[in-house]
Amino acid sequence: MASWTAWLMTVLVGLTTLVLVSWVLDIIKRWRMPPGPFFWPIIGNLFLFGGQFYLTFLELGKKYGDVFSLKLGMRDVVVLNSLDVIREALVKKGNDFAGRTQTATGDLLSEGGKDIVMGDFTPTWKLQRKLFHSAIRAYATGHALEEHVQGALNDVIVEFSSMEGRPVDVEDNIFKLVVNVSCSASFGYRFEMDDPDFQNLVKISKDFFDVGAQGMLADIYPSLSFLPTPTKTKLTKMFDEFLEYFKRQLDHHTQTFDPDKLRDITDHFIQLRREAEEEGDEDIKSLTDTHFRQTVVDILGAALDTTLQTMRWSVLLLAAHPEVQKKLAAELDSVVGRDRQPALADRASLPYMDATINEILRFGIPIPTALPHTTTVDTNLRGFEIPEGTWIMPNLWNVVRDPEIWGDPESFRPERFLDDDGKVLPKPTALMPFSAGRRACPGEPMARADVFLLLGGLVQKFKFRLPEGEGPPDLTPDPKGAGFLCLAKPYKVVMTYRK
């Protein structure tokens with residue numbers, strides 16, 4: 001018994017010494033890094049990452065400046081808290097800050113970092129992103145995107161018509177709409193709303209969205225990744241089912257591919273991949289079927305993160321600002337009329353629509369801290385040293401809500417993006433809802449096209465207003481989104497068909 005006690009004490013003393021030595025070394029390293037609050041051994045500043053931590057970052061910036069350091073568990077994190085420092089890091093020193101965090105959740109959902117969103121900054125990733133960007137551009141500039149979006153929109157218009165005149169929560173309807181648009185973009189066809197396969201896909205996507213946003217303990221402490229936690233078990237089961245659907249679709253696409261009849265983004269990607277192989281591009285060999293599959297999975301994931309949230313904010317903000325909605329409807333009536341749906345060719349003639357979309361993306365920026373980057377090398381910023389592998393969190397929320405940039409950032413005012421003649425101003429550098437630099441979202445052109453067609457089609461058909469007898473809506477982000485998503489709080493609207 002005595003020997004067992006002595007052994008246990010030796011282990012405890014050894015572990016305590018190891019933790020304290022590591023902590024002291026971290027403190028010494030911090031002297032050369034950006035300043036920041038005191039951090040504890042093992043947990044670091046973990047308590048600062050609870051809730052809507054982009055708001056916490058805003059307050060910390062008032063004390064520690066535009067760039068400061070934190071500890072997420074035992075990981076080094078540097079927060080970029082102003083437009084100038086974000087652009088210096090992500091744009092001017094783009095390669096140094098182009099890495100991606102490697103976490104247990106990200107590794108699971110990307111099949112080992114094989115997608116564009118979570119993949120690290122490697123030659124394979126660069127090629128994958130290049131092909132995807134080309135496929136997106138080819139698809140977004142063709143008629144297929146319009147046809148797919150308008151078809152899915154018509155189904156939701158029928159649903160909305162049945163709910164006319166009474167207060168309703170349209171979240172489920174918008175969710176189904178966005179999933180159907182994403183499926184159309186990926187696989188060239190849309191589901192009927194009552195299709196069992198579609199209902200199952202929507203359910204998986206919702207569950208996946210809710211559970212995946214929680215993350216796992218191993219994201220902060222990688223050494224615990226072997227533990228079969230409930231979240232890990234749920235995520236693995238859901239993702240396996242989710243992935244099986246994509247495998248079936250991709251197998252079908254590969255077997256039925258016709259280079260003279262490209263149906264969707266997947267077909268464009270297949271064509272670009274085959275062209276690279278025929279041209280003898282050696283790098284294409286590193287792009288596996290898993291990379292291909294994960295690239296298509298990214299389309300739905302990005303839609304749930306951006307298009308879904310943007311459309312939910314759109315309906316709420318227009319209902320809360322009837323004067324903006326009235327101008328938008330008048331512009332659509334003048335340019336498009338009522339006999340057809342808005343088309344991408346109308347965009348140049350609809351400046352107020354363009355300005356409204358910019359303002360929605362600013363006010364309800366989908367991912368307020370972007371997705372965390374990592375430094376790919378030892379680098380420096382504003383005179384501070386930042387070691388390789390440091391997590392980088394750009395606080396985009398602070399940029400889109402900075403009164404020195406926008407004047408009245410808490411106001412919803414599309415006119416800020418128009419000149420005195422009503423023409424759209426060049427997009428400000430401070431508006432970066434899809435991030436900036438090497439890791440900027442390559443799907444931005446398609447996301448903007450989707451929102452333009454969806455919002456234009458809905459405003460053309462319906463007037464949205466808040467239920468009578470209710471006070472002003474709460475336009476602050478829902479805490480449910482934590483620090484990663486800027487979600488509109490649950491709301492109800494009354495829809496009236498435009499006569």
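What follows is calculated from the coordinates using simple rules that are stated; it is not laboratory data. If you're wondering where the values come from, they're calculated on a predicted model, not measured in any experiment. With ideal geometry, Cβ positions are generated from the backbone for all residues, glycine too; neighbour counts draw on all protein chains shown.
Sorted fewest first by neighbouring Cβ atoms within 10 angstrom, SER435, SER411, SER186, SER3 come out as SER3, SER411, SER435, SER186. Taking packing as the residue-averaged number of other Cβ atoms within 10 angstrom, the listed peptides 145-158, 291-304 run from highest to lowest as 291-304, 145-158. Stretched out straight at 0.36 nm per residue, the stretch from ALA430 to ILE405 would grow longer than its current Cα-Cα span by 8.2 nm. Once you sort the root eigenvalues of the Cα gyration tensor of the stretch 58-113 as a ≥ b ≥ c, which label holds: rounded (a/c under 1.5), prolate (a/b larger than b/c) or oblate (the other case)? It comes out oblate by the Cα gyration axes.
Karplus-based coupling profile of the stretch 182-188, in residue order and whole Hz: 5, 5, 4, 5, 7, 10, x, with θ = phi - 60° in 6.51 cos²θ - 1.76 cosθ + 1.60 and x standing for Gly or Pro. Figure legend: label point modelled 7 angstrom from the Cα of ALA440 along Cα→Cβ; residues of the stretch 65-87 with amide N under 20 Å from it are 80-87. Other residues lying with their Cβ under 10 Å from the Cβ of LYS461 contribute a combined charge of +3, Lys and Arg counting +1, Asp and Glu -1. Placing dummy labels 7 Å off each Cα toward the beta-carbon, the span from LYS285 to THR496 is 6.7 nm. For ASN380, nonlocal amide neighbours, meaning residues 5 or more places apart or on other chains whose placed amide H falls under 5 Å from its own, are ILE386.
Given in Å, the Rg to one decimal and the Dmax to the nearest whole number for the Cα atoms of the chain are 24.2, 90.
The length gained on full extension between ASP478 and GLN255, counted as 0.36 nm times the residue separation minus their Cα-Cα distance, comes to 75.9 nm. In this label model, ASP207 and VAL91 are separated by 4.4 nm, measuring between points 7 Å along each Cα→Cβ vector. Fully extending the segment from ALA348 to LYS237 would add 35.4 nm, taking 0.36 nm per residue of separation and subtracting the current Cα-Cα distance. The DSSP beta bridges internal to the chain are antiparallel in roughly 85% of cases. Work through the residues other than ALA144 whose Cβ is under 11 Å from its Cβ and net out their charges, Lys, Arg +1 and Asp, Glu -1. Neighbourhood net charge equals -2.
If a spin label sat at a point 7 angstrom from the Cα of SER161 along the line to its beta carbon, the backbone N atoms of the stretch 444-469 nearer than 19 Å would be those of 454-464.
When the listed pairs LYS176/LYS232; LYS176/LYS261; LYS114/LYS234; LYS29/LYS114; LYS234/LYS480; LYS29/LYS126 are checked against a 24 Å cut-off, the alpha-carbon distance exceeds it for LYS176/LYS232; LYS176/LYS261; LYS29/LYS114; LYS29/LYS126.
Here the stretch 126-171 yields Rg over Rh of 1.27, to two decimals, using C-alpha coordinates and the Kirkwood radius. Taken along the Cα-to-beta-carbon direction at a fixed 7 Å, the label points for ARG274 and ARG32 span 5.3 nm. Applying the Karplus relation 6.51 cos²θ - 1.76 cosθ + 1.60 with θ = phi - 60° to the stretch 92-100 yields 3J(HN,Hα) values of 5, 10, x, 5, 5, 10, 9, x, 10 Hz, where x marks Gly and Pro.
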